[in-house]
Amino acid sequence: MERPVPVDERLLIEAAQRDPGRFRELYESHFARIYAYIIRRVHDRAAAEDLTSEVFQEALANIQKFEWRGIAFASWLYRIASNAIADRWEKGRREVGEPLPNEPASGGMEEIERRAMLFQLVDNLPPDQRRVITKRFVEQKSIREVAQALGRSEGAIKQLQWRALETLREQMGRANG
């Protein structure tokens, strides 16, 4: 199922294809979600940072080859990330000479598109809700840590989280029919 690509994202990509210096805007808008995707799979901060860097280096090097095919730019980045993780596992397996645990399933293109849509929906939440969701689920902070970071009560953070999750469930339900 094709989803409309936000016009502003398409314009950013076209600008980056004309002038690689404009890639920074794409990097800034997608860094957190790509890093979160990788860290959940490798469970090692240094490796996740290295892999995230590799993903964006490859994306910048290949931005001219990116073509619109009805999927979000984030899906392309997830595919690069998935391949980078698989390459890291394979390299580790060859160096150690023994099989490593299987890489977590990437979920295929539908899963990548679903995640890209979810991240886009999170970006559209009201600022307070977006900050809570990001701190709770991307940065994996506790309710108490989020409350302290945002200078709010734990009850307020729970309420913001609940409202954000309800909004996201509703929007995901509408998007999936």
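Observations, loosely collected:
- Order of Trp76, Trp162, Trp89 under a 10 Å beta carbon neighbour criterion, fewest first: Trp162, Trp89, Trp76
- Per-pair calculated FRET efficiency, R0 = 30 Å: Lys158 and Lys65 via Cβ, rounded to 0.05: 0.10
- Applying the Karplus relation 6.51 cos²θ - 1.76 cosθ + 1.60 with θ = phi - 60° to segment 28-38 yields 3J(HN,Hα) values of 5, 7, 10, 4, 4, 6, 6, 4, 4, 4, 6 Hz, where x marks Gly and Pro.
Values quoted throughout were computed directly from the atomic coordinates according to the rules given, and no laboratory measurement underlies them. What you see is a predicted model, and the numbers here were worked out from it, not measured in a lab. As a convention, Cβ positions derive from the backbone with ideal geometry for all residues, glycine included, and neighbour counts pool all protein chains shown.
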